[in-house]
């Protein structure tokens, strides 16, 4: 098995696009890309060019793939670009069941768009697909896009296995906020694990410190209970140049356990774009910060409760 991290936030774009090549087939997961927000410390013109650059990389990955998988219908995970899907086999989130209104609209729009252009389609929700001599694609039941009952709806986590490796892709769990999500990941016993981190750039707006603490505790539990050769931690978290300090307890736990937690950029031998941009252009809306310990988190949660 070969895994390629095609487009990720640590590379400068909103995306989690990944290519997995097994002995039987090649699969592109979540072929979508969007521009980073203004809090990202890179000039808008460069952010726009990065979207164009990685759109082309995603297109090339799809061209080389037999399967396309779509975990949910946000535009950093799928796009209406027929070049991504033409003559491909698709496994997608059911666009009508366990889905919020926004994603339902986008999912049905995609179904209409690709009609007559693809080689076949299956709804992935809570299904297993077997292909060739060795390849098995396991797709989870719909999982919350963050905390329970979030208005963002559901996503599908997925696993691809062959005789060599077990690759697990979390999709947008928004940092594994729920303990049940962490336990599901642990139960799969992955060799390669891709996790999306918590949307820390939205803290105090739509993301709470209480949920951030849950995310950190759950990721630490995953680190304790799994033996992956590779841990990729990226996506929402890598929109924030404070990520190493905010996830301080995670990186300390990884160090304690002798496990290497990497961004997709670091897995390719590159510096995360958000840190590169910060070094070149300075801070955006976040001026001062420090290592966020559990003690400091508890204090923030206590203060937030007082304000309600």
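FYI, it's all coordinate maths here, none of it is from the lab. Just so it is clear, the model here is predicted, and its values are computed rather than measured. Every residue, glycine as well, gets a Cβ built from its backbone with ideal geometry; the counts of neighbours run over all protein chains shown.
Run the numbers on the stretch 2-307 and let me know its relative contact order in percent, using alpha-carbon pairs under 8 Å that are six or more apart. Can you show the working numbers first?
Numbers: 645 pairs, mean separation 48.7, N = 306.
Once divided by the residue count of the stretch 2-307, the mean separation gives 16 percent.
In nm, what is the difference between 0.36 nm times the number of residues separating residue 63 and residue 128 and their Cα-Cα distance?
Working: separation 65, 0.36 × 65 = 23.40 nm, distance 2.40 nm.
Computed gain between residue 63 and residue 128 is 21.0 nm.
Hey, with R₀ at 45 Å, roughly what FRET efficiency would residue 303 and residue 189 work out to, going by the Cβ-Cβ distance, to 0.05? Before the final figure, lay out each step's value.
On the way: r = 39 Å, r/R0 = 0.87.
Given R0 = 45 Å and the Cβ-Cβ separation, E is 0.70.
Give me 262, 193 ranked fewest to most by other Cβ atoms within 10 Å of their Cβ, as a rough exposure proxy.
Ascending Cβ contact count within 10 Å gives the list 262, 193.
For the stretch 265-280 and the stretch 47-93, compute the distance between their C-alpha centroids and round to whole Å.
24 Å
How large is the convex hull of the C-alpha atoms of the chain per residue, in Å³?
Values: hull volume 39.0 nm³, N = 308.
Per-residue hull volume (Cα only) is 127 Å³.
Residues of the stretch 20-45 with amide nitrogen under 17 Å from the 7 Å Cα-to-Cβ point of residue 52?
So the set is 33-36, 43-45.
Rounded, prolate or oblate: which fits the stretch 113-230 when a ≥ b ≥ c are the square roots of the eigenvalues of the alpha-carbon gyration tensor, with rounded for a/c under 1.5 and prolate only if a/b beats b/c?
Working: a/c = 2.60, a/b = 1.35, b/c = 1.93.
Because a/c hits 1.5 or more and a/b fails to exceed b/c, the stretch 113-230 counts as oblate.
What's the percent breakdown of Cα-Cα distances in the stretch 79-138 across 5 Å bins, shortest bin first?
Pair shares across the bins are 4, 16, 25, 22, 19, 10, 3, 1.
Rounded to the nearest 500 deg cm²/dmol, what is the calculated helix-only ellipticity per residue at 222 nm for the chain, with -39500 (n - 2.57) per DSSP H run of length n ≥ 4? Don't skip to the end; give the middle numbers.
Numbers: 10 runs with 106 residues, N = 308.
Dividing the helical sum by the residues of the chain leaves -10500 deg cm²/dmol.
Gain in length, residue 82 to residue 44, computed as 0.36 nm per residue apart minus the alpha-carbon separation, to one decimal in nm?
Numbers: separation 38, 0.36 × 38 = 13.68 nm, distance 2.68 nm.
Between residue 82 and residue 44, full extension yields 11.0 nm more.
Shape verdict for the stretch 60-164, please, from the Cα gyration tensor: rounded (a/c under 1.5), prolate (a/b greater than b/c) or oblate. Working shown, then result.
Numbers: a/c = 2.01, a/b = 1.19, b/c = 1.70.
Oblate.
Distance from a point 7 Å along Cα→Cβ of residue 26 to each backbone N in the stretch 32-57: keep the residues under 16 Å and list them by number.
It comes to 56-57, nothing else.
Any idea what log10 I(q)/I(0) is at q = 0.11 Å⁻¹ for the stretch 188-308, Debye with uniform C-alpha scatterers and no solvent?
Values, matching the q order: -0.39.
Could you rank the peptides 29-36, 139-146, 158-165, 125-132 by their average count of other C-beta atoms within 10 Å per residue, with the highest value first? Numbers along the way, then the final one.
Values: 29-36: 23.9, 139-146: 21.1, 158-165: 18.8, 125-132: 14.1.
Ranking the peptides 29-36, 139-146, 158-165, 125-132 by packing returns 29-36, 139-146, 158-165, 125-132.
Give the angle, between 0 and 90 degrees and rounded to the nearest 10, that separates the Cα long axis of helix 179-188 from the longest principal axis of the Cα atoms of the chain.
It is inclined by approximately 50 degrees.
Between residue 118 and residue 150, what's the calculated FRET efficiency when r is the beta-carbon distance and R0 is 22 Å? Round to 0.05.
Details: r = 30 Å, r/R0 = 1.38.
After rounding to 0.05, the efficiency reads 0.15.
Give the calculated FRET efficiency between residue 255 and residue 108 to the nearest 0.05, with a Förster radius of 35 Å applied to their Cβ-Cβ distance. Write out the running numbers ahead of the final one.
Values: r = 46 Å, r/R0 = 1.32.
Using R0 = 35 Å, I get an efficiency of 0.15.
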